[in-house]
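**Student:** Before I ask anything, here is the structure I am working with.
Read-outs: derived from the displayed coordinates by stated rules, not from any lab. As the structure is a computational prediction, the values presented were derived from the model and not from experiment. So basically every Cβ, Gly included, is an ideal-geometry build from the backbone, and we count neighbours across all protein chains shown.
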Amino acid sequence: MNGDWYKDRVFYQIWPRSFKDGNGDGIGDLYGVYDKLDYLKELGIGGIWFSPFYPSPNADYGYDISDYYSIAPEYGDLDIFRKVLDKAHSLDIKVILDLVINHTSDEHEWFRKSRDKDSPYRDYYFWRKGKKEGRAPNNWSSFFSKGAWTFDPETMEHYLHLHHAKQVDLNMDNPAVREEVKKIMRFWLDFGVDGFREDVITYISKPAALPDDLFFQAVKGLRFYDCGPRIHEYLQEFRTDVLDKYDCMTVGEAPMITPQRALTFVSGNHPDLNMVFGFRHMEADCLYKEYLPLPFSLRKLKRAFTSWQNALNGKAWNALYLENHDHPRVLSRYGSERYHDESGKMLAACYLLQKGTPFVYQGQELGMTNFALPSIEQYEDCVARKQYENATKVLPKKFVLRIIQRATRDNSRSPVQWTGGKNAGFSDAEPWFPVNRNYPSINAADEAADPDSVLNFYRRLIAFRTKSRIVRYGDYRELLPLSRSLYVYERTWQGETLLVICSFTEKAVRYRFPKGFAAETAELLFCNYRTAPFDAETGGTARSGRKPHCPRMTTRPYETRIYRITKQ
Ligand code: GLC
Ligand code: CA
């Protein structure tokens, strides 16, 4: 039953708390979303992914869920969600929800009941005795806290949490837990949603013995719970028992996954998932995590893009993204705040025309940037706080704060900048999190009025890609893979070629167009500068008795050009 509709759409991710406040309490909500659906339609969006809006103690802002069947009062209720969903559908916008089933909040009723050793809920989670007194059951580490186990003095056992201590891992080996998951899926699909983004889905199957991580594997990021022993079995079960019965799609978050491994989830006749989000291309300026910064390497970025494009070609479908709520703003990382508009547009072109379904994160379409806060107390991101606490034990506070400012997820969680007015038009009340100071120059209202804005570039590019068959079907080929400053790729389909040129530097770089490219037959579809000249001396015209030269260009800072070349 799974339709292919997700392949022709551009998705937009909403992180509800910071999207738009509709009822004046300083917190983004579904009323605000309702008011902005027309804006999304104008942007050309065909699908929305909602980060969690369910009741949650917010230890990890919604990713610690205490009730899967309703909506946190601060975001609205089922009635307003019904309205949002109906209006979205009437605008031909699909809606997918975040399905967070690797863990629940410790305040979820299942977990509260599971504290009783005799309760059937005990086995919903991983409760284990320590190895020795005072020692955790194994050596697993947590992403958000020190160890992956927390001790409960009442029952003298520890519970497992791969993330925050308030995000308790569910025991998917227990069939009752899988039934709960299916019930949640059915509830929302029956409500009318069109699918799910599945949170850290590759972690849901833990090996029964919960063996210690091996040091040499773990430093490479290989863990026993990553793509664990029964992962495919469980995903198939969810698909057969639930998803196959609806016209819906799924995209799974798959940290650390290689494209080859991704194929085991997304290819074949009855794939586990429709798409997965890989992470490699988010590591071009760091070692695995933004907290271990390195200089930006375009070659690293290109290797990541191209390896996914090549591996999945003809076998599976890519999910494309440059931003989400877990990463700092891409313009501040891979682009340049100095060349704000130029690099913002170039970054759009570099991924929106690849093969796959693009996701745009709220504010990305405006070129929103990172935002450094002066003190650690102002940060809300639990990861930032934890990293600060750990790192300042050995490193100077100022230095650690600088790393946090660059790396924290809060960079992408500041309120969306709607206008140049009070609180950036996000809310009449004091926003729950500070607004980036640059809102007078970077905001949706001003950008909508300026035909050359980043926003309007996104609009045009999305409109183009949505109707373009080359973008949907064409083969992908990277040119100049060794270049450290240019990312060039072409898409070809039925005698037509799309040539995408992206400069990742402010320096001037000479670029010779590929063989067969002639200025006369190449139509410039997009450029982030007003004019797009070729270098004067070659010009692309025939001199007497000589074959025409391939034209050349010299790039301007962060220049992008997109040509359509039609075979003569
Ligand atoms: C995913 C989410 C992230 C969350 C984590 C734990 O990575 O995207 O925001 O903190 O899972 O649920
Ligand atoms: Ca509100």
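**Student:** Order these peptides, 344-353, 206-215, 314-323, by their mean beta-carbon neighbour count within 10 angstrom, highest first.
**Tutor:** 344-353, 314-323, 206-215
**Student:** List the residues, sorted by chain then number, that are 5 or more residues from HIS103 or on another chain and whose placed amide H is less than 5 Å from its amide H.
**Tutor:** For HIS103, whose amide H was placed from the backbone, the distant partners under 5 Å are LEU170.
**Student:** What's the Cα-based Rg to Rh of the range 109-167, Rh via Kirkwood?
**Tutor:** 0.95
**Student:** Please go through the residue pairs LYS36/LYS166; LYS515/LYS567; LYS166/LYS206 and name each one whose alpha carbons sit more than 22 Å apart in this structure. Mind dumping the intermediate values first?
**Tutor:** Working: LYS36/LYS166 33 Å; LYS515/LYS567 12 Å; LYS166/LYS206 19 Å.
Where the Cα-Cα span goes over 22 Å, the pairs concerned are LYS36/LYS166.
**Student:** So for each of 142-153, 388-399 I average, over its residues, the number of other beta carbons within 10 Å; can you give me the resulting order with the highest mean first?
**Tutor:** Values: 142-153: 17.5, 388-399: 12.0.
Output ranking for 142-153, 388-399: 142-153, 388-399.
**Student:** For the range 273-290, just list the computed ³J(HN,Hα) in residue order, Karplus coefficients 6.51, -1.76 and 1.60, θ = phi - 60°, integers in Hz, with x standing in for Gly and Pro.
**Tutor:** Karplus-based 3J(HN,Hα) across the range 273-290 equals 9, 7, 8, 10, 8, x, 10, 3, 6, 8, 10, 6, 10, 6, 9, 6, 10, 4 Hz.
**Student:** Now, a different point. Please arrange ASP21, ASP173, ASP86 by how many other C-beta atoms lie within 10 Å of their C-beta, fewest to most.
**Tutor:** ASP86, ASP173, ASP21
**Student:** Also: Starting at the first residue of the range 125-137, write each ³J(HN,Hα) from the Karplus equation 6.51 cos²θ - 1.76 cosθ + 1.60 with θ = phi - 60°, in whole Hz, x for Gly and Pro.
**Tutor:** 10, 9, 9, 9, 6, x, 4, 9, 4, x, 10, 5, x
**Student:** Take every Cα-Cα distance within the chain, group them into 20 Å bins from 0 onward, and report for each bin the whole-number percent of pairs it holds.
**Tutor:** 20, 54, 23, 3, 0
**Student:** Loop only by DSSP, 12 or fewer other Cβ within 10 Å of the Cβ. Give me the GluC sites (Glu not before Pro) in the range 155-250 that pass, ordered by residue number.
**Tutor:** Taking the range 155-250 and a limit of 12 other Cβ atoms within 10 Å, no loop GluC sites (Glu not before Pro) are found.
**Student:** Report the relative contact order of the chain, percent, no decimals, based on alpha-carbon pairs under 8 angstrom and at least 6 residues apart.
**Tutor:** Across the chain, relative contact order equals 13 percent.
**Student:** Could I ask something else about it? Which percentage, to the nearest 5, of the DSSP beta bridges contained in the chain is antiparallel? Don't jump to the answer; show the numbers that get you there.
**Tutor:** Details: 41 of 65 bridges.
Percentage antiparallel, nearest 5: 65.
**Student:** Right, here's the next one. Arrange ASP98, ASP92 by Cβ neighbour counts within 10 Å, fewest through most, would you?
**Tutor:** Numbers: ASP98 21, ASP92 12.
Ascending number of Cβ neighbours within 10 Å: ASP92, ASP98.
**Student:** Could you tell me how far the Cα centroid of the range 269-327 sits from the Cα centroid of the range 357-414, in Å?
**Tutor:** 21
**Student:** What share of the DSSP beta bridges in the range 87-172 is antiparallel, in percent to the nearest 5?
**Tutor:** Values: 11 of 11 bridges.
The answer is about 100 percent antiparallel.
**Student:** Oh, and also: Using the Cβ atoms and a cut-off under 15 Å, what net charge is assigned to the surroundings of ASP86, where Lys and Arg are +1 and Asp and Glu are -1? It would help to have the intermediate numbers written out before the result.
**Tutor:** Values: positive: LYS41, ARG82, LYS83, LYS87, LYS94; negative: ASP35, ASP38, ASP77, ASP79, ASP92, ASP190, ASP194.
Here the count lands on -2.
**Student:** If you don't mind, there's one more thing I want to ask. If you place +1 on the Cβ of every Lys and Arg, -1 on the Cβ of every Asp and Glu, and leave all else neutral, what size is the dipole of the range 19-138 about its Cα centre, to the nearest 20 Debye? Don't jump to the answer; show the numbers that get you there.
**Tutor:** Numbers: 17 positive and 22 negative charges, 171 e Å.
Value, rounded to 20: 820 debye.
**Student:** Just subtract the alpha-carbon distance of PHE399 and ARG460 from 0.36 nm times their residue separation and send over the number in nm, one decimal. Walk me through the numbers on the way to the answer.
**Tutor:** Values: separation 61, 0.36 × 61 = 21.96 nm, distance 4.15 nm.
Stretched out fully, the PHE399 to ARG460 stretch lengthens by 17.8 nm.
**Student:** Let me ask something additional. Could you work out how much longer the chain between LEU292 and LEU78 gets when fully extended? Use 0.36 nm per residue separation minus the Cα distance between them, nm to one decimal.
**Tutor:** 72.9 nm
**Student:** Same structure, new question: Please say if the range 294-434 is rounded, prolate or oblate, where rounded means a/c under 1.5 for a ≥ b ≥ c the square roots of the C-alpha gyration tensor eigenvalues, and otherwise the choice is prolate for a/b larger than b/c and oblate otherwise?
**Tutor:** It comes out oblate by the Cα gyration axes.
**Student:** Could you put ARG472, ARG465 in order, starting from the residue whose Cβ has the fewest other Cβ atoms within 10 Å?
**Tutor:** The fewest-first ordering by Cβ neighbours comes to ARG472, ARG465.
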